[in-house]
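What follows draws every value from the coordinates through simple rules; no lab data is involved. What you see is a predicted model, and the numbers here were worked out from it, not measured in a lab. Backbone-built Cβ (ideal geometry, glycine too); neighbour counts: all protein chains shown.
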Amino acid sequence: MKTNFLGLQLKNPIIIAAGPWNRDGASIRESLATGAGAVVTETIVSEPFPDIKPRISYHGFGGSNIRLYSDVQIEGWEREMDIAKSKGGIVIASVSAHTPSELAYLAAKMEKFGADGIELGLSAPMGENLEVTASDPKEVYKLTRCVVENVKIPVMVKLSQSATNISLVAKEVKRAGGAGVSAINSIRCILGVDIEKKEPLLPTYGGYSGAPIRPLGLASVATLAQTVDLPICGIGGIEDYKNVLEYLLLGASAVQIGTALMIYGRKRIARIVEDFECYAKENKISDVKEIRGKALEKLKSFEEIKIEPLLCYVNSIPCEAGCSRCIDVCLYHALERNKNGQIVVKESECTACGLCTCLCPTQNLSLKR
Ligand SMILES: Cc1cc2nc3c(=O)[nH]c(=O)nc-3n(C[C@H](O)[C@H](O)[C@H](O)COP(=O)(O)O)c2cc1C
C-alpha cells in the first residue's frame, strides 16, 4: 500500500525503528530487504558511548535495553550510508544531541551522506537530561528549528510518552517547521529484580519496549491525532499487521517496529508487510488515507459517554472443565451456577462492568442489551 509520509513515497507504511538492528550500512541493507517502507538508523551522536554488557533483557513479553546509540562516528556514516543505500530504499537518519548547533551539524552531515529524512531523538529513557528536554516545548522548538533551518530533507521529532503534555510538545514541533512526529520512544523502566542476588536485572534504568507498551503508544498517537495537525508515525509494541492497523485507525500515517524484529528476527517484518498487503488487497484499500483515523471518530471524551442499558449474557458455549473463574472474579457477586451446573447471571446484581467477558476462556459470556 503506497504511502506518502513526510513527503517521502514509501511502498508501504511499515518502517523499521531506530535500534542496533540498524547500526551500520550492512544491517540497514538487511532491514530494507524485508520489504519495509523505510528504515531509521540507530541514533547517531557526536560522542558514541562504549557498550554496557549486558544491555538487553527480556521477560517473555516486554524488553528493557540500555543500549545507548550507534557506535559509528558521524564521519563513518558516509561509508555506511553508501552501503545501506547501495540497493535502493529509504533511510531516515536518527540523530541526537544536547545543543541545537550540534544536532543541526549531525543532521546536515547525514543529509549530505544521503539520508532521505531526519528523526530527532530528543528523549532517552536511560539518562536524565533528555527526558527533561522531551517534556520542554520551548527546548524542543529550539532544537527542531535549528535543524529545520539547516537541512532540506523532512524532519520528524520522536516524542516521549513521559512528556508532561505530548500535544504541547508536538505543537512546538509544527511551529518549528517539523514535518511530522513519531511516538513513542521506549519508556524508563526496571524490568525486574533478582531476589537471590538482590540486584536489578540490568545495572541502570532501561527503556521498556515491546507488546506491553502498545496501549501507551496507541493512546499517545490518538491524543496527537486529536490535537495536532501533523503526520504521525506510531511506535510501540507492534507485533503483527493487526497492530499496524490499530495505529493507522487511531490516526497514524505510518508506523515503526523495533522489538518484534529483535525478538523474532527480520523475517517477522517481512511477514507483517506481507499480511498487511494481503489485508489491504482483500479490503480494497489502496492508500493509508482511506483508513487513517477511522477509529478516532468513536474515541469519545469521558464526559461524552452515554450509559448503555447492558447486562452480562451467557452464551451456550460449554465451560472449561472445573472452571469457575467468572464466579471467582465477579466484583458484584452477580454470577453463580444453577442446580444443573450452568452459569447464570443475577440480573439485579450485574453492573455490566465487562470483566468476566475478558476472562472467560471459552467466551461463554458477553454483554448485550
Ligand atoms: C535494543 C533497543 C535499542 C534502541 N535504540 C534506539 C535508538 O538508538 N534510538 C531511538 O530513537 N530509539 C531506540 N530504541 C527505541 C525504538 O526505536 C522504539 O521507539 C521502541 O523500542 C518502541 O517500539 P517497539 O516496541 O516496537 O520496540 C531502541 C529500542 C531497543 C529495544
Tell me, what is the percent relative contact order of the chain, built from C-alpha pairs under 8 Å that lie six or more residues apart? 14 percent
Run the quick spin-label model on K197 and E297: label points 7 Å from Cα toward the beta carbon, then report their separation in nm to one decimal. 5.4 nm
Give me the distance in nm between label points sitting 7 Å out from Cα along the Cα-to-Cβ direction at D82 and S286, one decimal. 4.1 nm
Ranking S253, L168, I269 by how far each Cα lies towards the positive end of the charge dipole of region 151-299 (+1 on Lys and Arg Cβ, -1 on Asp and Glu Cβ), the top one is L168
So how much slack lies between D275 and D51, counting 0.36 nm per residue of separation and subtracting their Cα-Cα distance, in nm? 77.1 nm
With r as the distance between the Cβ atoms of I190 and Y313 and R0 = 35 Å, compute the FRET efficiency 1/(1 + (r/R0)^6) and round to 0.05. 0.25
Could you give the nm distance between label points at E320 and K368, where each point is 7 Å from its Cα heading toward the beta carbon? 2.4 nm
Dipole magnitude (debye, nearest 20) for region 233-331, charges at Cβ of Lys, Arg, Asp, Glu: 280 debye
At q = 0.23, 0.32 Å⁻¹, what is the log10 ratio I(q)/I(0) for region 136-190, with the Debye formula run over Cα points and no solvent? -0.82, -1.31
If you take every residue apart from T351 with its C-beta less than 15 Å away from the C-beta of T351, what net charge results, scoring Lys and Arg +1 and Asp and Glu -1? 0
Could you list, bin by bin from short to long, the percent of Cα-Cα pairs of region 82-121 in 10 Å steps? 32, 50, 17, 2
Rounded, prolate or oblate: which fits region 1-149 when a ≥ b ≥ c are the square roots of the eigenvalues of the alpha-carbon gyration tensor, with rounded for a/c under 1.5 and prolate only if a/b beats b/c? rounded
Per 0.36 nm of contour for each residue apart, how much would the distance between K112 and D240 grow if the chain were fully extended, relative to their Cα-Cα spacing? 42.6 nm
Efficiency of FRET from Cβ geometry, R337 and T164, R₀ 56 Å, rounded to 0.05: 0.70
With θ set to phi - 60° and the Karplus curve 6.51 cos²θ - 1.76 cosθ + 1.60, what are the ³J(HN,Hα) couplings of region 29-46 in order, to the nearest whole Hz, using x for Gly and Pro? 4, 4, 5, 5, 5, 6, x, 4, x, 6, 9, 9, 5, 4, 5, 9, 10, 6
Between K152 and D328, take the C-beta separation as r, use R0 = 51 Å, and let me know the FRET efficiency to the nearest 0.05. 0.25
Calculated from backbone phi, Karplus (6.51, -1.76, 1.60) coupling profile of region 55-63 in Hz, x at Gly/Pro: 9, 10, 9, 9, 10, x, 9, x, x
Mind checking which lysines have their Cα closer than 23 Å to the Cα of K197? Skip sequence neighbours fewer than 8 apart in that chain. K53
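Neighbouring Cβ atoms within 10 Å as the yardstick, rank W77, W21 fewest first.
On the way: W77 25, W21 21.
In order of increasing Cβ crowding within 10 Å: W21, W77.
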Cut-off is 10 Å between beta-carbons; in what order do E131, E149, E282 appear when sorted fewest neighbours first? E282, E149, E131
Neighbour-count order for I263, I90, fewest beta carbons within 10 angstrom listed first: I263, I90
Kirkwood hydrodynamic radius over Cα pairs of the chain, then Stokes diffusion coefficient at 37 °C and 0.692 mPa s, in µm²/s: 148 µm²/s
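Find how much the distance from Q73 to E349 grows on full extension, using 0.36 nm per residue of separation minus their present alpha carbon separation; answer in nm with one decimal.
92.8 nm
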I'd like the per residue volume of the convex hull spanned by the Cα atoms of region 235-353, given in cubic angstrom. 202 Å³
